[in-house]
1. Just give me the residues in region 316-355 being touching a Phe, Trp or Tyr at 6+ places or on another chain (Cβ under 7 Å) and charged (D, E, K, R), in sequence order.
2. Only one of VAL582, VAL592, VAL578 is in the same structural domain as THR540 (by TED's automatic domain parsing), surrounded by 17 or more Cβ atoms within 10 Å (Cβ to Cβ), of a type in the set (A, V, I, L, M) and closer than 20 Å to ALA547 by Cβ; which?
3. GLY126: part of a helix (DSSP H, G or I) and either surrounded by fewer than 24 Cβ atoms within 10 Å (Cβ to Cβ) or not small (Gly, Ala, Ser) (or both), yes or no?
4. Output the residues belonging to region 135-150 that are of a type in the set (Gly, Ala, Ser), surrounded by 21 or more Cβ atoms within 10 Å (Cβ to Cβ) and more than 21 Å from GLU366 (Cα to Cα).
5. Can you say whether ILE400 is within 30 Å of GLN600 (Cβ to Cβ), buried (at least 23 other Cβ atoms within 10 Å of the Cβ) and either over 20 Å from the mean Cα position of the chain (by Cα) or not assigned by TED's automatic domain parsing to the domain that holds ILE585 (or both), as far as the supplied structure shows?
6. Among the residues of region 320-336, is any aromatic (Phe, Trp, Tyr), touching a residue at least 24 places away in the same chain (Cβ under 8 Å) and closer than 24 Å to LEU461 by Cβ?
7. Which residue out of SER99, SER122 is out of contact with any Pro (no Cβ under 9 Å at 6 or more places or on another chain) and more than 21 Å from SER593 (Cα to Cα)?
8. Just to be sure before I move on: is PRO285 farther than 15 Å from ALA45 by Cα, in the same structural domain as ALA154 (by TED's automatic domain parsing) and at pLDDT below 95 in the structure I sent?
Amino acid sequence: MYELLDRIQSPADIKGLSIKELEQLCAELRQYIVEVCSEHPGHLASSLGAVELIVGWHYVYDAPADKIVFDVGHQAYAHKILTGRREEFRTLRTKDGISGFPLRDESPYDAFGAGHSSTSVSAALGLAEAARLQGRHEKVAAIIGDGALTGGLAFEGMNNAGAASADLLVIVNDNEISIDRNLGGIHNYLLKVTMSRKYNYVKEKVWKAMGAHGLRAFIQRWLRSLKAWIVKSSGGDLFEAIGFRYFGPIDGNDIATVVNALRRLRNLPGPRLLHCCTVKGKGYPASEEDPYTWHSPGRFDPATGKRLSSEKPADRYQDVFGEVLCELAEKDERVVGITPAMASGCGMNLLAQRMPERFYDVGIEEEHAVTFAAGLAAGGMRPFCNIYSSFAQRAYDQIIHDVALQRLPVVLCFDRAGLVGEDGATHQGTFDLAALRCIPGTIISAPRDEIELKQLMYTALNTEHGPFIIRYPRGCGEGVAWKEAPYQVLPAGKAEELRSGKRVAVLCLGPVASEALRAADEFPGEAGVWDMRFLKPLDTEVLDRVAGSYDFILTVEDGSLKGGLFGAVSEYLAPRAVRPVVEGIGISDEFVSHDSQHQQRTHYGLDSGNIRKKIQFFLANDK
């Protein structure tokens with residue numbers, strides 16, 4: 001089916017191809033990526049845009065001895081396919097199948113794992129220095145794109161690499177887009193470089209004058225020289241100032257240009273940076289026209305580009321968040337929204353559309369987002385800072401030092417908390433409860449449904465200190481009529497009894513309460529269910545009550561058992577004389593691999609069937 005691609009078993013197989021054949025290979029790679037992603041949804045547009053950069057690098061360099069580090073990793077599909085995983089790629093992001101990101105355990109060609117952003121330069125510098133110290137003559141490159149260059153860690157790595165004069169190539173995949181359109185100073189700087197009026201004016205005039213005649217090749221070479229001079233004079237010195245030799249910008253979707261540039265740079269000494277302009281979604285019209293939607297489009301018809309979305313059973317939590325935030329902003333002029341490049345993903349695009357002056361997309365800068373929110377709060381505003389749970393780990397110090405220590409009223413909304421499905425171990429939001437519970441003065445909450453998310457956001461707005469953390473899962477809610485529900489303040493640290501019982505007390509945090517209720521329906525009068533609402537402060541009155549009158553306590557949470565609700569309940573009851581049996585359902589001490597959310601929840605027992613079995617076991621073994 002694929003004339004060239006079917007013959008490629010490793011990067012060595014592309015070494016003898018001509019430039020014309022490389023162009024064909026790039027086209028076949030794009031076709032194959034589209035074919036697979038239409039059935040097994042993944043990060044489509046980013047990988048389509050990076051095809052020539054990956055093919056060109058493998059053509060010039062010798063992997064796995066030479067090493068390439070991706071940033072972020074969802075650009076790497078062509079790399080996976082070229083490195084002996086062509087057939088495995090058909091299992092993309094499925095259970096026991098291939099990961100959607102580079103993974104060291106998956107292939108020797110994956111030099112460094114990458115799911116989060118801005119890590120590539122630091123990791124590549126470490127690999128380069130390890131090779132130098134051990135006398136290995138390896139070449140190391142970092143390919144950084146999709147907004148990752150806005151992250152501070154990228155510049156920390158570049159600062160170190162420049163000072164160390166390391167043998168390192170940084171390839172900037174400049175497509176002007178991350179998940180949403182790139183914003184900020186770095187983006188504007190790169191845009192300035194690539195849109196130099198001097199260069200483009202001369203190029204247009206000369207190109208038109210030459211037409212299609214034979215001197216064009218000479219003019220192209222002359223224009224590249226002119227471009228290099230003009231770019232340096234119009235801004236390339238930013239990278240030069242931190243010790244990198246700057247080259248470009250070049251057309252990163254032209255394989256001949258990419259190969260030529262990489263050949264010239266391969267054996268140059270010291271830190272160097274190649275600036276490549278690419279088109280996110282390149283080669284697939286629907287993706288090129290709408291790279292935001294096609295960043296991760298779900299299933300689709302590859303022939304027509306029609307997305308095959310299933311009917312939603314309920315509103316998504318992110319949509320509820322977005323609508324409620326707009327309503328709160330209308331009621332209170334102090335409310336502002338902050339997101340690190342996840343506006344559409346978290347629902348804050350609604351605020352951006354309706355009240356752009358009170359919306360801040362700070363780029364992929366989670367640490368800055370939290371401290372910026374702290375500054376806004378210190379100045380009298382009420383910031384709602386929305387970060388995906390897994391990415392919030394990057395701002396842990398800022399949550400402690402800049403918000404909690406100063407008791408500032410910052411509302412931290414952690415989307416994609418708990419099990420997130422196919423994105424795999426780097427993206428699971430399972431550590432937030434355990435990581436944050438130890439921070440003094442922190443309020444940590446988890447709504448069981450859309451109404452409770454609405455009420456907790458309102459409660460957070462009316463709480464005078466912080467941080468106030470609200471964490472909720474990826475996907476649809478429970479289908480309750482949240483729009484009609486009135487706003488009310490929920491007392492911090494107070495649980496709600498959902499079902500009475502007398503022998504087994506099921507204490508739940510988050511939407512798992514609905515599964516627990518369905519399980520308890522089979523044991524009327526025996527199993528009681530509580531929506532704990534708050535991990536911190538913990539409702540100790542409820543714990544005292546159930547410890548004194550129930551034989552068994554079962555905690556249920558979509559987070560780490562170690563340090564989460566199970567840990568909190570066990571710690572509270574340990575020194576007390578009355579000690580019922582306490583067990584927990586949650587995420588065990590392991591990293592969660594990629595699978596569907598449904599299968600992950602079933603695997604870890606977070607469904608009504610497994611909760612029912614646990615209640616039944618308790619009742620059958622009553623002391």
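The values are calculated or read from the model by the stated rules, or taken from the named source; none is laboratory data. Since this is a predicted model, take the numbers as computed values, not measurements. Neighbour counts are summed over all protein chains in view; Cβ atoms, including those assigned to glycine, are modelled from backbone coordinates with ideal geometry.
1. If the condition is that a residue be touching a Phe, Trp or Tyr at 6+ places or on another chain (Cβ under 7 Å) and charged (D, E, K, R), then no residue fits.
2. VAL582
3. In short, yes.
4. Hits for region 135-150 are ALA141, ALA142.
5. No.
6. Checked against the condition, which is being aromatic (Phe, Trp, Tyr), touching a residue at least 24 places away in the same chain (Cβ under 8 Å) and closer than 24 Å to LEU461 by Cβ, region 320-336 yields at least one hit.
7. Selected residue: SER122, the only one of SER99, SER122 that is out of contact with any Pro (no Cβ under 9 Å at 6 or more places or on another chain) and more than 21 Å from SER593 (Cα to Cα).
8. On the way: farther than 15 Å from ALA45 by Cα: no; in the same structural domain as ALA154 (by TED's automatic domain parsing): yes; at pLDDT below 95: yes.
Judged against the criteria, PRO285 is not a match.
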